[in-house]
Amino acid sequence: MTSPAAASAKPAAVGPRRRLAGEAREKAIVEAAVQFFAEVGFDGDTRELARRVGVTQSLIFKYFPSKAALIERVYQEVYVGRWNPYWEVIIADRRVPLEERLTRLYSDYAKTALTRDWVRLFMFSGLKGEAINQRYLHFLRSRVLEPVAIELRAELGLPGPQDVPLGELEIELVWGINARIFYFGQRRWIFDVPLEADLDALIRLTIRHFMAGAREVLPGLVAPQADNASVTR
């Protein structure tokens, strides 16, 4: 026979189980949406997504009031949720030569950014005109590109941004690293052309090539900025 104490404990145990079930169902929908949109693009029908998850379409909209809200959650899951703040720490660590820092940064970043869902969602977003690309690239510029441009000046003994503001051509120079790294993902997940060489070796080569070019090019980019800064003082 069940004691009164045990009986009274049952309702308290039921609540958390139901809440976890709901959270688990929402997580399953999001994970399925990531894979679904990566496969078919953002025009994919939520009815088909529901069929794949094994739920009703109305249940999807119970958790996400619109398709746009679901896409926003996919963005948060793939691009924000997988961001590693330690990458920013690596960039700023001047105890380590910049070439070594960038190699470490992009070797680790590639493990996140060159996955099938990351690359294909990014491409589909650009083709569809979703805001994922613009938001992420703005985020990337502030967290990686501008800090790398600042560290590149420091590495080469050039004036800091407090004396000479960063120029757009400097940012474009750093963009070149990301463009090259992303191309590796495009080859694998868009063009279905596997990389013949080891990815880490390709990244090391990319960074070495970048640093060699930057040493030649960057002083000429900063000099006009310095002249303009001196004129406006």
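Each reported figure results from applying straightforward, stated rules to the coordinates on display, with no laboratory input. The structure displayed is predicted, hence computed values, not measured ones. For neighbour counting, all protein chains shown are included, and Cβ atoms are generated from backbone atoms with ideal geometry for every residue, glycine included.
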Once the dipole of the chain is set up from charges on Cβ (+1 Lys and Arg, -1 Asp and Glu), the residue from the list 157, 90, 30 lying farthest towards its positive end is 30
Of all lysine pairs in the chain that are eight or more residues apart or on different chains, those with Cα atoms under 30 Å apart total 10
Label point distance in nm, residue 172-residue 99, each placed 7 Å from Cα along Cα→Cβ: 2.6
Spin-label pair residue 57/residue 212, simplified geometry with 7 Å Cα→Cβ offset, distance in nm: 5.7
Evaluate 2.2 N^0.38 Å with N set to the residue count of segment 133-180, then give the Cα radius of gyration divided by it. 1.14
Given +1 on the Cβ of Lys and Arg, -1 on the Cβ of Asp and Glu, and no further charges, what dipole in debye does the chain carry about its Cα centre, rounded to the nearest 20? 1200
Cα centroid of segment 49-72 to Cα centroid of segment 78-112, whole Å: 34
Just to be sure I understand: if I project the alpha-carbon convex hull of the chain onto a plane and average over all orientations, what area do I get in nm²? 20.2
